[in-house]
């Protein structure tokens, strides 16, 4: 009996020591080391890739998460209208029009997972294309449906894509120039300056970060 109690106490003591040691290593030391490495070598990414506006140093978003550029809601209005003076990102459907993930609300991330022949998805694309053509056509420049790229009418897999294709950015140039009283050439140059190539020269596609582009546009307007 005494041996049994002694063995049990010994095993419990060994288990408790192992628990404390593992808690110290995996719950304290390991997180501290990983956090230290992240802060030392990847400080920007470890802190959310925050983007600050020049001048006041105020954080205006993250380079990894898209955001909406909409006009304030009018009385009785449920869906905001895009503020057409700014470059617009990809559609924000995410998980669908009835999802919690609309207008880049960071509650849930995901895609619709609808098939290519889903009638509701097809209608979303048709409506989005018509809106892109209408919004980006100006008095001196007409956008044709055939010019609308895929990323202008479909949301990304996460629903939070911060980038658009150079083609979609170029399609918006005339509208942005007209709305802000700028020359088309100057806005085209702004897009070219913020177009990034493929990662390491071969991965992914060329892209334009919408937040960075709109910050540069705002700075340009301030200096004008």
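The values are calculated or read from the model by the stated rules, or taken from the named source; none is laboratory data. Just so it is clear, the model here is predicted, and its values are computed rather than measured. No Cβ is skipped: glycine too gets one built from the backbone with ideal geometry, and neighbour counts run over all protein chains shown.
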Among 12, 19, 73, which is in a loop (DSSP other than H, G, I, E, B) and at pLDDT 80 or above?
73
How many residues does the range 192-206 hold that are without any contact (Cβ under 8 Å) to a residue 40 or more places away in the chain and under 17 Å from residue 89 (Cα atoms)?
4
Of (1) surrounded by 15 or more Cβ atoms within 10 Å (Cβ to Cβ); (2) in a loop (DSSP other than H, G, I, E, B), residue 201 satisfies all except one. Which?
(1)
Can you confirm whether residue 148 is under 13 Å from residue 91 (Cβ atoms), surrounded by 19 or more Cβ atoms within 10 Å (Cβ to Cβ) and at pLDDT 95 or above?
yes
Restricting attention to the range 55-65, which residues are in contact with a helix residue (DSSP H, G or I) (Cβ under 9 Å, 6 or more places away or on another chain) and surrounded by 10 or more Cβ atoms within 10 Å (Cβ to Cβ)?
60, 61, 62, 63, 64, 65
One residue from 68, 46 being at pLDDT below 85 and touching a helix residue (DSSP H, G or I) at 6+ places or on another chain (Cβ under 6 Å):
46
Among the residues of the range 80-89, is any at pLDDT 85 or above, assigned by TED's automatic domain parsing to the domain that holds residue 131 and surrounded by fewer than 13 Cβ atoms within 10 Å (Cβ to Cβ)?
yes
Residue among 157, 94 that alone is modelled with pLDDT under 95 and either outside any loop (DSSP other than H, G, I, E, B) or crowded, with 18+ Cβ neighbours inside 10 Å (or both):
94
Restricting attention to the range 30-45, does a residue exist that is surrounded by 10 or more Cβ atoms within 10 Å (Cβ to Cβ) and farther than 30 Å from residue 63 by Cα?
no
What single numbered condition from (1) over 22 Å from the mean Cα position of the chain (by Cα); (2) closer than 28 Å to residue 130 by Cα; (3) part of a helix (DSSP H, G or I) fails to hold for residue 182?
(3)
Looking only at the range 214-224, how many residues end up being out of contact with any helix residue (DSSP H, G or I) (no Cβ under 7 Å at 6 or more places or on another chain) and within 18 Å of residue 164 (Cβ to Cβ)?
3
Among the residues of the range 216-223, is there at least one that is over 22 Å from residue 66 (Cα atoms) and modelled with pLDDT under 85?
yes
Taking only pairs six or more apart or across chains, which ones have beta-carbon atoms under 6 Å, a first residue in the range 207-220 that is in the same structural domain as residue 151 (by TED's automatic domain parsing), and a second residue that is part of a helix (DSSP H, G or I)?
208/166; 208/169; 216/190
Please enumerate the residues belonging to the range 179-211 that are in contact with a strand residue (DSSP E or B) (Cβ under 8 Å, 6 or more places away or on another chain) and within 22 Å of residue 71 (Cα to Cα).
209, 210, 211
